[in-house]
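First up is the structure itself, then whatever we jot down about it.
Coordinate-derived values only; no laboratory data. Every value quoted in this text rests on a predicted model; they were computed, and no experiment measured them. Cβ coordinates were reconstructed from backbone atoms using ideal geometry, including for glycine residues, and neighbour counts include every protein chain displayed.
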Amino acid sequence: MASHATTNSNGGITACFGKAGMAAGTTTTSTIANQVDYAILGAMYRKAAASNIAAVSTDATTGLAFLPVPASRGCLFVYSLNAAGTLGVTQGPISDGSAGYQWPAMIQTHCPIGYLKVVCASNGAFVWGTSSLASAPTGVTYTFADRAAMGVSPVM
């Protein structure tokens, strides 16, 4: 999947048209602070604000369990919504971040709405669904950001 707002051959765009307000919930949960309108391949949808959405256990794109992020590494976890308004998460490649953090490939049936950048210092480690989002573990820093679509350049 392309790493930006996408269109199909009929001109159907996949993009988020509002600031989701992605944030930590309590413990391992996530929050969408604002109502968002979004499109998936041209079809429009709306998601109401929602607090403390349970952490998903598998990657929305691969269907596999998330990989732990070890010390001195980091990655992006991209939040997305499907047509039913269900929150999904797709994990990007784990790297040392020296060239930034790469966007993951995304499934076409999801619209990206934001991301969580996780960076682990030499004394940190992160496990999606286990590590608290509300209070980062020792040696781990988080950055939440809203997105209209996938980025093209790595996230620094």
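For first residues located in the stretch 132-156 and within 20 Å of W103 (Cβ to Cβ), partners that are part of a strand (DSSP E or B) and basic (K, R) and lie 6+ apart or on another chain with Cβ distances below 9 Å form the pairs T141/K117; Y142/K117; T143/K117; F144/K117; A145/K117; V155/K117. Taking the conditions (1) within 11 Å of G74 (Cα to Cα); (2) surrounded by fewer than 18 Cβ atoms within 10 Å (Cβ to Cβ) in turn, V119 satisfies each one other than (2). Considering (1) at positive phi; (2) free of Cβ contacts under 8 Å to residues at least 24 places away in the same chain, the lone condition that P93 does not fulfil carries the number (1).
Going by what's in this entry, would V118 be described as more than 22 Å from V155 (Cα to Cα), among the aliphatic types (A, V, I, L, M) and in contact (Cβ under 8 Å) with a residue 40 or more places away in the chain?
Working: more than 22 Å from V155 (Cα to Cα): no; among the aliphatic types (A, V, I, L, M): yes; in contact (Cβ under 8 Å) with a residue 40 or more places away in the chain: yes.
The answer is no for V118.
Is it the case that the stretch 125-145 has a residue that's within 27 Å of A39 (Cα to Cα) and surrounded by fewer than 14 Cβ atoms within 10 Å (Cβ to Cβ)? Scanning the stretch 125-145, I find at least one residue that is within 27 Å of A39 (Cα to Cα) and surrounded by fewer than 14 Cβ atoms within 10 Å (Cβ to Cβ), so the answer is yes.
Checking T138, T130, T109, T90 one by one, the residue that is more than 14 Å from the chain's Cα centre (by Cα), under 30 Å from A43 (Cα atoms) and of a type in the set (S, T, Y) is T109 and no other.
Within the stretch 63-90, the set of residues being part of a loop (DSSP other than H, G, I, E, B), free of Cβ contacts under 8 Å to residues at least 40 places away in the same chain and under 27 Å from N123 (Cβ atoms) comprises L67 only. The one condition from (1) touching a strand residue (DSSP E or B) at 6+ places or on another chain (Cβ under 6 Å); (2) surrounded by 14 or more Cβ atoms within 10 Å (Cβ to Cβ); (3) more than 21 Å from A149 (Cα to Cα); (4) of a type outside the set (A, V, I, L, M) that S51 does not meet is (2).
Go through the stretch 12-53 and count every residue that is outside any strand (DSSP E or B) and either among the acidic types (D, E) or under 15 Å from the mean Cα position of the chain (by Cα) (or both). Adding up the residues that qualify gives 7.
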